[in-house]
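The values are calculated or read from the model by the stated rules, or taken from the named source; none is laboratory data. None of these values were measured; they are calculated from a predicted model. Neighbour counts run over all protein chains shown; Cβ positions are idealised from the backbone, glycine included. Side chains are part of the model used for accessible areas, which takes the heavy atoms of the whole protein and leaves out ligands, DNA and RNA. Shrake-Rupley method; radii C 1.70, N 1.55, O 1.52, S 1.80 Å.
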Amino acid sequence: AFQGADKFERYLQRLNFDFIPPSESPFFTKKSPLLTEALFLRPTTIVDTLAMNDYFRARTSQYVLDPQKALQYIAAGLSKKPNPELSSLLFAAAAESYFDLDMLRLAKRSFSWSEMVSKSFTEKYPSIVFFGAEAAFWSGQFDTAEKGFERFLQIAGDSEYSPYARLRLAEVLEHRGMRDSARSIYEYLVRNFDRHKVYKRSQVNLFCLDVEK
C-alpha cells in the first residue's frame, strides 16, 4: 500500500491541472446536501464516463482493502482530465485511502487538492471540508483544522456532523489554553445535543476542565 501511495505521489508531480470548467456538472445533489446523502452522477461526456468508471473501480478496491490498486485507478481517472468536479471527487477518494493508511499529512493534502481543483464542488460534497479538517486536526495542524471546521459550519447546516465540528473547535481552543471559550462550547453541546454522540465526549471534557482547575 505504501508503495502504491509513493507511485501516486510521483504521478501527481507530472500532472498539469489546467482545467477549463465545462458548462454542466457531472453531479446532481440537493441544494444543501448532507454528508450522509447520496451523490448522483450524470456524466455528460465520454471522458467523464470513463473517469467515473475508474472511480468506481477505486471504490471497489477500497472496499476489499486494496489501497494500492485504488490509488492506481484514481491516478488513471485523473490522467483523463475529466470535469473539475469529478477530479475533486477522485482526489477525495485518494484522501480517504491515505486516511485509512494513517498517512494524515497526505490525506490533508489530497483533501486540499480536492478543494482547489473545484471550489464549487464543496457545496455538493461538503465532506471534503469536514474530513480535510479532521485530517488536519489529528496531524496537529490546529490552525488549518479550525479554519476547515468553521468553513464547514458555514456551508453545511448538517445536524449530524455540525456538532462534531463544534466539538473539534472547542478542543482546538482548549489546546491553545483558551479554556473559558472551550467550556462555553462544551456547555452548549451538553445543553442542546443530549441525544447526539458528542454529548458524552463534551461531558468528559467539561469534567476534565473542572478537575484541572
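See the values below:
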| quantity | calculated |
| --- | --- |
| Single residue of the range 33-87 satisfying the filter (open to solvent by less than 30 Å² (accessible area, probe 1.4 Å) and assigned to a loop (DSSP other than H, G, I, E, B)) that is modelled with the lowest pLDDT | 33 |
| Filter pass, residue 126 being open to solvent by less than 10 Å² (accessible area, probe 1.4 Å), in contact with a helix residue (DSSP H, G or I) (Cβ under 7 Å, 6 or more places away or on another chain) and modelled with pLDDT under 90 | yes |
| Residues that are in a helix (DSSP H, G or I), within 18 Å of residue 159 (Cβ to Cβ) and within 24 Å of the chain's Cα centre (by Cα), drawn from the range 184-199 | 185, 189, 198, 199 |
| Flag for residue 210 being assigned to a loop (DSSP other than H, G, I, E, B) and over 24 Å from residue 71 (Cβ atoms) | no |
| Residue ID - modelled with the highest pLDDT, chosen from residues in the range 139-157 that are among the aliphatic types (A, V, I, L, M) and crowded, with 16+ Cβ neighbours inside 10 Å | 145 |
| Among (1) open to solvent by 10 Å² or more (accessible area, probe 1.4 Å); (2) over 12 Å from the mean Cα position of the chain (by Cα); (3) of a type in the set (A, V, I, L, M, F, W, C), the one test that residue 113 misses | (2) |
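The rows are residues; the columns are (1) out of contact with any His (no Cβ under 8 Å at 6 or more places or on another chain); (2) among the hydroxyl-bearing types (Ser, Thr, Tyr); (3) at positive phi.
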residue	(1), (2), (3)
120	yes, yes, no
125	yes, yes, no
128	yes, no, no
142	no, no, no
149	yes, no, no
152	yes, no, no
171	yes, no, no
184	yes, yes, no
